[in-house]
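Input: a single structure, listed below in structure tokens.
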2 protein chains.
Amino acid sequence: MQKKGELVSFRPDIKVVDCTIRDGGLVNNFEFTDEFVRDLYQTNIKSGLDYMEFGYKASKDMFDVNKFGKWKFCNDQDIIDIVGDNDTDLKISVMADVGRTDFKRDITDKANSPIDLVRTATYINTIPAALEIVEYCKNKGYETSINIMAVSKSNDSDLDDALELIGKSCVDTIYIVDSYGSLYPEQMRRLAAKYLECGEKYNKKIGIHAHNNQQLAFANTIETLTMGVSYLDSTVSSMGRGAGNCPTELLLGFLKNPKYNITPVLKFIEEHINKLKAEGVVWGYDIPYLLTGRLNQHPRDAIQFTADKRTDYADFFQYLYDKEAF
Amino acid sequence: MQKKGELVSFRPDIKVVDCTIRDGGLVNNFEFTDEFVRDLYQTNIKSGLDYMEFGYKASKDMFDVNKFGKWKFCNDQDIIDIVGDNDTDLKISVMADVGRTDFKRDITDKANSPIDLVRTATYINTIPAALEIVEYCKNKGYETSINIMAVSKSNDSDLDDALELIGKSCVDTIYIVDSYGSLYPEQMRRLAAKYLECGEKYNKKIGIHAHNNQQLAFANTIETLTMGVSYLDSTVSSMGRGAGNCPTELLLGFLKNPKYNITPVLKFIEEHINKLKAEGVVWGYDIPYLLTGRLNQHPRDAIQFTADKRTDYADFFQYLYDKEAF
């Protein structure tokens, strides 16, 4: 596959999607202060980012609104309280998880909503349900994406079938998601080639959402973008579940489009991220996440290991290995 | 350039070189306890590593032996006190810096020394001096390498000339060294292709020593190894100057040769590295190192910024940028 663009130039089709509140919310139960969210919104505007994902459209029947911060639910009014009429170039995104959203009740006409993009997260075996959400949202006037999670667990022929099905739908963007942070750049490039082939055939854009279990989130993002992937998820200081995501500050250091500006992100880290860490909110690369990533497992055991402040890494590795193998 | 090997197989020519004491010594002034060094030696044996670098052969005229730990000087006897007659498959390495070593006084016949490999670190403008050390050491019976530092600052034609000169020498291995952690995988692959071409022409092995300023040390190491680079530097928990190096635990997670074993490294981290960090020894990826790496600068300003416990990242970025540009 032909390389797209050079290191000294830039591609105008690149879009950076800030997922700090949405993926970071998995770390602190979405308990962000309004000041944090408002400053991040201003930071994203000043940094030239393309999308800001505010959180999930989670079902209020399935999740108690009193037990989570408001960005688990992303009421339109809560977003409006932050962005006003959002008269900026920054678009607003939310995520709906298949099986965890009342999309018909909670997602209204685009004309009445501050939201621009609805991203649907799905496992490979629930793609018809994801397509139902996508078609609904598309008809309501939104941009849409399908994010196929845990692709490192899918086999090639299922993935081919899934991409064919999604390609024929009305979705705008298809995401490669390395949920477990287990994929090496070599594997990521193979996946990107497959997704991009589908994208060319059906006129879809391709995105990447990486996790940093093996310190490869940034590398995998820039390696696939070089091939033509154009929607790039990142979070400030990699804030996100477990080992976190591709750090926005590294990604902006790589991108050459003069509209991107790293300085506001650096200020946001100084003012907000360091404080969050000092308060004890924990995420980012660490040995337990390397181990689940290497074994291509969900990070939940590593999150628990970290929360328990355990350091018996060798025993933990043996436990994970046995769980997988025997 | 043809890909060498597959993800599911292994290449027997791969050698992993543990640089924890040598590069890590730059962080703690080489003040390791004997217990630390002895346990690391045992760890490296159990993990199947190929080389352990004990430190520098620094000139005692230029550096006061009372102001550094002993691994800055690596007396043969100090190594023997740790390894005995080293009746193992783990080879012993030391580094000599051009212009900072009394190699004729301090490096004796291999027959009387526990050392197997002498690595010579040089900038591109001191290669004749490096070759003098290499020839001396080769004649004394040692394996040798030349490590061309700060290659991200060299221009292509100088590097071509340098590789030609080194190719014609008696050196065994030539190292790509990303001293400033500024190189992206795409650039690293271009450099590796150049070095490997020289290696094929002159029958030299090629090595890589990466720094983690942009969280790319592991990615750059595995990307170039896939092309044929075979000497891979790593350190436990990436311990090394500034942002540190390619973490041994990530590298062993990638390598498929059954002789490599991650578990002893995990135990070493639990027993020694966590303690070192709790004692306040600081290294590893952080915002200031990202900024010097991105600007292709020596990490010394970032090391000072970190030591001063500053967090005004945006001001620091402006300072670095102005220093470079104006």
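Remark: label point of B:Glu6 defined 7 Å out from Cα along the Cα-Cβ vector; separations to the same position in other copies 3.7 nm, ascending. For region A:217-231, a decrease in accessible area of 10 Å² or greater in the assembled protein chains relative to the isolated chain, with a 1.4 Å probe, applies to A:Phe218, A:Ala219, A:Ile222, A:Glu223, A:Thr226. Local charge for B:Lys3 was computed over the other residues whose Cβ lies under 13 Å away, with Lys and Arg +1 and Asp and Glu -1, and equals +2.
In region A:168-196, what residues drop by 50 Å² or more in accessible surface going from the chain by itself to the full protein assembly, probe 1.4 Å? Hits at the 50 Å² cut-off: A:Tyr184, A:Glu186. Within a straight-line Cα-Cα reach of under 27 Å, A:Lys201 can be paired with the following lysines, leaving aside sequence neighbours fewer than 8 residues apart in one chain: A:Lys3, A:Lys4, A:Lys15, A:Lys91, A:Lys138, A:Lys140, A:Lys153, A:Lys168. A DSSP coil position with no more than 14 other Cβ atoms inside 10 Å describes the following trypsin sites (Lys or Arg not before Pro) in region B:171-261: B:Lys256, B:Lys259.
Both chains summed, the buried accessible area for B and A stands near 3500 Å², from protein heavy atoms and a 1.4 Å probe.
Annotation for A:Asp156, label-to-label distances across the other copies: 3.5 nm (shortest first, one decimal, point 7 Å from Cα along Cα→Cβ). The mean number of Cβ atoms from other chains found within 10 Å of a Cβ in peptide A:261-271 is 4, as a whole number. Gap in Å between the Cα centre of region A:238-277 and the Cα centre of region B:1-71? Using only Cα atoms to place each centre, the spacing works out to 33 Å.
In the protein assembly as shown, the DSSP beta bridges split such that about 5 percent are antiparallel, to the nearest 5.
All other residues whose Cβ lies under 10 angstrom from that of B:Gln297 are scored, Lys and Arg at +1 and Asp and Glu at -1, for a net of +2. Annotation: the antiparallel percentage among DSSP beta bridges lying fully within chain B is about 5. How many angstrom lie between the Cα centre of region B:166-209 and the Cα centre of region A:85-111? Cα centroid to Cα centroid, the span is 50 Å. Here the accessible area is traced with a 1.4 Å probe on the protein chains. For region B:1-107, carbon and sulfur cover 46 percent of it. Kirkwood radius and radius of gyration were both taken over the C-alpha atoms of the protein assembly as shown, and their ratio Rg/Rh is 0.99.
Take the convex hull of the alpha carbons in region B:184-305; its mean projected area over all directions comes to 8.4 nm². Starting from the Kirkwood Rh over alpha-carbon pairs, what translational D in µm² s⁻¹ does region A:7-73 have by Stokes-Einstein at 25 °C and 0.890 mPa s? The diffusion coefficient I find is 185 µm²/s. Taking only alpha carbon atoms, region A:101-164 gives an Rg to Rh ratio of 1.04, where Rh is the Kirkwood radius.
Seen from B:Val16, the other residues with C-beta closer than 9 Å to its C-beta sum to a net charge of -2, counting Lys and Arg as +1 and Asp and Glu as -1. Annotation: per residue accessible area for chain A equals 39 Å², rounded to a whole number [probe 1.4 Å, protein chains only].
Where does region B:271-326 land on the Kirkwood hydrodynamic radius, alpha-carbon pairs, in angstrom? One over the average 1/r among Cα pairs gives 12.2 Å for region B:271-326. Both the radius of gyration and Dmax for region A:56-123 are 12.0, 35 Å, in that order, over alpha-carbon atoms. The per residue volume of the convex hull around the alpha-carbon atoms of chain A is 134 Å³. Comparing the full protein assembly with the isolated chain, the residues of region B:305-326 losing at least 10 square angstrom of accessible surface (1.4 Å probe) are B:Thr311, B:Asp312, B:Tyr313, B:Ala314, B:Phe317.
For B:Asp39, the point set 7 Å out from Cα toward Cβ sits 3.9 nm from its twins in the other copies, listed from shortest up. What sits nearest the axis between copies B and A, counting only chain B Cβ atoms, is the residue and whole-Å distance B:Ala219, 2. Estimated from the Cβ-Cβ distance and a Förster radius of 56 angstrom, the FRET efficiency linking B:Tyr202 and B:Asn75 is about 0.95.
Here the label points at B:Lys277 and B:Glu135, each 7 Å from Cα along the C-beta direction, are separated by 4.7 nm in the simple model.
Scalar couplings 3J(HN,Hα) for region B:221-236, obtained by applying the Karplus form with A = 6.51, B = -1.76, C = 1.60 to θ = phi - 60°, are 5, 6, 5, 7, 4, 4, 8, x, 4, 10, 9, 10, 7, 8, 9, 5 Hz; x denotes Gly and Pro.
Directionally averaged projected area (region A:70-204, Cα convex hull): 8.8 nm². Placing unit charges on the Cβ atoms only, positive for Lys and Arg and negative for Asp and Glu, gives the protein assembly as shown a dipole magnitude near 680 debye about its Cα centre.
The values are calculated or read from the model by the stated rules, or taken from the named source; none is laboratory data. Only a predicted model underlies this, so the values are computations on that prediction, with no experimental measurement involved. Don't worry about glycine lacking a Cβ; one is built from the backbone with ideal geometry, like all the others, and counts go over all protein chains shown. Heavy atoms of the whole protein, side chains included, go into the accessibility calculation; ligands, DNA and RNA do not. Shrake-Rupley method; radii C 1.70, N 1.55, O 1.52, S 1.80 Å.
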